[in-house]
Each structure stands twice: as C-alpha cells, then as structure tokens.
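Accompanying notes for the structure given below.
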Amino acid sequence: MILRLLLALALCLAATTVSADSIDIGFNDESFQLTYERPLTRDDYGTALANGRFLYNGDEKTTLGSIGADFVGEPGNVPGLGLGVGTKFYAGSTDRSTDFINLAIGLRGEYAPPQFWGLGVAGRLYYAPKVFSFRDSERLLESELRLTYAVLPKVKVYVGYQNIRLKEDRRNENWTIDDALRVGFVGYF
C-alpha cells in the first residue's frame, strides 16, 4: 500500500503542466516524413524540446531517422516570432550502400504575427561538420522552409521545401538524401 502511494506521488511530481506535444506529417508522391516533438520544460525564458523523426524518400532510396533537442523562445517584443538553437543526431542509409551517422547543430525560426490571421513562415538549418560525421559520411546539411497556415488553434497546414545533403566519404561527392516539396499538417495535443 505504501509502495503504491509513493509511486502515485512520484508520478504526480513528475507530471508537468507543459503541454503541446505535436505530430507533424508531411508527404508527397515519393516520400513521407513523420515527426514527434515534446516540450520538456517551459518557463518565461523559453522551452526545451525533444523530438524524433522518421523520413523515407523512395525517389532518392533513402531512410533516415533523427532525434534531437531544441531550445526555443520568443525574443523581445515581436509577437509571433520564435527562434531557437538545437542539436540533432542523424542515422540512415541510402541505396548506394552508404550508411551515415551525424551529429548536427542548427537554428530554427518561425514567424506568424497575429495580424497575418494564421499565416506564417518557418525554417531551419542544421549542419554536421566532418568532426561530427561517422560511417560513410563526411558532412551533412539540412535546410527547410515552410509556409504555414493555422486552420484551427491546434492544427497548422503547410507546404514546405526540404533539402538534406550528405558528403560521402568513400566517393568524395555530395549525395542528396532528400530534396522534396511536401504538404502536411502539424497537430498539437
């Protein structure tokens, strides 16, 4: 009985008022991407987020997974502006018998001011230099730009362009892991 009470107390203390987990699903005819993001902590200075992603691109014959941590906030007195920095751990393979593992650092931003009635723009840029690249890779660069629209308070739809490039160690050439225009939505719960 005491063990159950202690367990219940521990769960209550571990519970947090931070909410707004999100699921992001983007797709086109040749590829899809699924991302889950969860806030870990939130205070007046910003939010720490953990995220995970799975990407399959049939056109480029690539499978990629990533996990990461981002730190975002709303700087100054600019309503609707969110900026952040973070890190991502990538692992994946291509049909060229290339396996890659990379650790990247990067920036992300979002701007959706209230006077735009739900319309916004978002982007991110992550880079893994040679020192953080393993297996068959030398470098990795990911960039993305999205046009978003909040159709409901907890749902945003988007059209976005994403490009992920990998410099292969063995062939000493760049390989495009993902180069796609996708539509999708982000749901918050």
statement: In whole Å, largest first, the alpha carbons of the chain cover along the principal axes 58, 51, 32
statement: Extension length gain for residue 29 and residue 152 (0.36 nm per residue less Cα distance), in nm, is 41.7 nm
- prompt: What angle do you read, to the nearest 10 degrees and between 0 and 90, between the alpha-carbon axis of helix 2-14 and the longest principal axis of the chain?
  reply: 70 degrees
- request: Please give the calculated 222 nm ellipticity per residue for the chain, where each DSSP H segment of at least 4 residues contributes -39500 (n - 2.57) and the sum is spread over every residue; nearest 500 deg cm²/dmol?
  value: -2000 deg cm²/dmol
field: For the stretch 101-113, 3J(HN,Hα) per residue [Karplus equation, 6.51 cos²θ - 1.76 cosθ + 1.60, θ = phi - 60°, Hz, x = Gly/Pro]
entry: 9, 9, 10, 10, 10, x, 10, 9, x, 8, 9, 9, x
- prompt: What length, rounded to one decimal in nm, is gained on full extension from residue 38 through to residue 101, with 0.36 nm per residue of separation minus their alpha-carbon distance?
  reply: 20.4 nm
field: Förster radius 22 Å - calculated FRET efficiency between residue 81 and residue 183 (Cβ-Cβ, nearest 0.05)
entry: 0.35
query: What spacing in nm lies between the two simple spin-label points modelled at residue 50 and residue 67, each 7 Å away from Cα in the Cβ direction?
result: 0.8 nm
task: Please list, in chain and number order, the residues 5+ apart from residue 80 or on another chain whose amide H is under 5 Å from its amide H, with Hs placed from the backbone.
output: none
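Could you count how many Lys pairs in the stretch 75-189 have their Cα atoms under 26 Å apart, skipping same-chain pairs fewer than 8 positions apart?
Summing the qualifying lysine pairs gives 5.
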statement: Residue-ordered couplings for the stretch 147-153, obtained by feeding phi - 60° into the Karplus form 6.51 cos²θ - 1.76 cosθ + 1.60 and rounding to whole Hz (Gly and Pro as x), are 10, 10, 8, 7, 7, 9, x
query: Karplus couplings for the stretch 130-138 from phi (6.51 cos²θ - 1.76 cosθ + 1.60, θ = phi - 60°), rounded to Hz, Gly and Pro as x?
result: 4, 5, 10, 10, 9, 6, 9, 10, 10
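Any read-out appearing in this document is the output of simple, stated calculations on the displayed coordinates, not a laboratory observation. Fair warning: this is a prediction, and the values are worked out from it, not measured in the lab. Cβ: placed from backbone, ideal geometry, glycine included. Neighbour counts: every protein chain shown.
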